[in-house]
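No value in this document is a laboratory result; all are computed from the given coordinates. What you see is a predicted model; the values in this text were computed from it and never measured. All Cβ positions, even for glycine, are placed from backbone atoms using ideal geometry, and neighbour counts span all protein chains on display.
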Amino acid sequence: MGTMGQSWGRVVALALGLFTPVASAQPAEPAVAFAPTRRGANRWEGSLAVLSLDGAIASGPYGAPVALSLYAAVGPRVWLGRGFQLRGALSLSRSFADDDSTTVRPETRLHDPSVALWFHGIPSFADFHPAVAVGMVFPLSDESQARTLLLGTSVTAQLAWWRRLASVTLFARASVGWGHRFYEYTTPGVRSLPSMRATCFGGGGSSCSDQISGVPSITDYLFAALTFAPRWRYFSPGISFQLDRAVTASFAPVGVSRPAADLYFTTFATWIEVIPTPPLSVILSYSLSRPVLDADGSYGNPFWAPYQFPVVGLALAVRLDELFAVALGEPLGPGGVVRW
């Protein structure tokens with residue numbers, strides 16, 4: 001009977017936690033909640049579940065319709081003890097409008113799931129909290145299977161910083177990483193017949209059937225990212241910028257004049273998060289991912305480009321870690337939807 005009473009008490013605590021004001025749940029000292037020596041006091045720390053509706057706000061270069069898609073993702077994080085943390089990520093999207101990345105409308109697409117092992121046991125200093133990770137990406141999406149991807153690997157180093165000033169929690173995160181992808185072939189496959197491919201010009205020669213389009217796959221990539229996301233009561237605005245360098249596979253093209261070369265991309269994002277309760281939040285965001293160079297070879301605008309599909313999204317996020325923290329009476333962490 002005592003066990004049954006404790007179970008019902010936990011359920012009631014979870015329900016009441018959904019309606020606890022954010023101001024009363026702010027931690028007195030964020031470092032206490034996020035010290036690596038906690039070793040799993042909150043084993044779901046950092047976990048997220050997100051549902052968003054995304055729409056491109058500018059058409060493509062050939063007047064393609066504005067894309068609209070529904071996106072759902074879950075990112076569990078489990079503490080293993082001694083500073084180790086296991087993270088996962090799985091997402092789905094459903095497109096409701098024609099765009100360049102789908103052949104069927106509407107189409108539900110599974111994105112590549114990933115898993116990473118993080119180590120947070122590195123000593124902190126001056127409110128800075130370092131961490132390192134190794135990860136893997138599994139090729140379950142149609143895109144990765146078309147590229148004949150076998151496995152993706154990555155190594156990441158991260159430095160997070162946060163500080164509590166009155167009712168505001170300042171939070172910043174910098175990270176760098178390198179990833180390597182293993183393929184069966186150096187060039188991707190396509191769904192169309194060889195005679196219908198642009199590089200074949202109706203001929204269907206050996207270069208088309210063997211090398212397909214002649215566009216090499218990306219084997220290595222390096223990235224550097226910086227994020228700033230303070231939190232004040234019911235609000236957490238944020239801004240993020242990332243630079244990627246993609247290294248393509250090298251091979252001897254047959255009948256194709258396009259050489260392999262490194263590619264550079266930027267991703268800019270900004271958002272405002274409204275937090276009516278600690279576990280739940282509504283996020284309005286804007287993001288743009290694009291090549292560094294425009295078609296004429298000049299440097300492009302990383303914040304706005306009408307032909308690069310800028311995206312506006314409206315999302316509902318559930319921070320699973322805060323849901324359990326409220327139920328267990330533990331302090332909340334820094335920042336908003338951005339995880340450390």
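The residues 96, 324, when put in order of fewest to most other Cβ atoms within 10 Å, stand as 96, 324.
Can you tell me the FRET efficiency between residue 166 and residue 305 if r is taken as the Cβ-Cβ distance and R0 is 41 Å, rounded to the nearest 0.05? So, using R0 = 41 Å, E works out to roughly 0.60. The modelled label-to-label distance between residue 295 and residue 115, using points 7 Å beyond Cα along the C-beta direction, is 4.4 nm.
The ranking of 155, 318 by Cβ neighbour count inside 10 Å, starting from the fewest, reads 155, 318.
Taking other C-beta atoms within 10 angstrom as a stand-in for reagent exposure, 87, 82, 319 fall in the order 82, 87, 319, fewest first.
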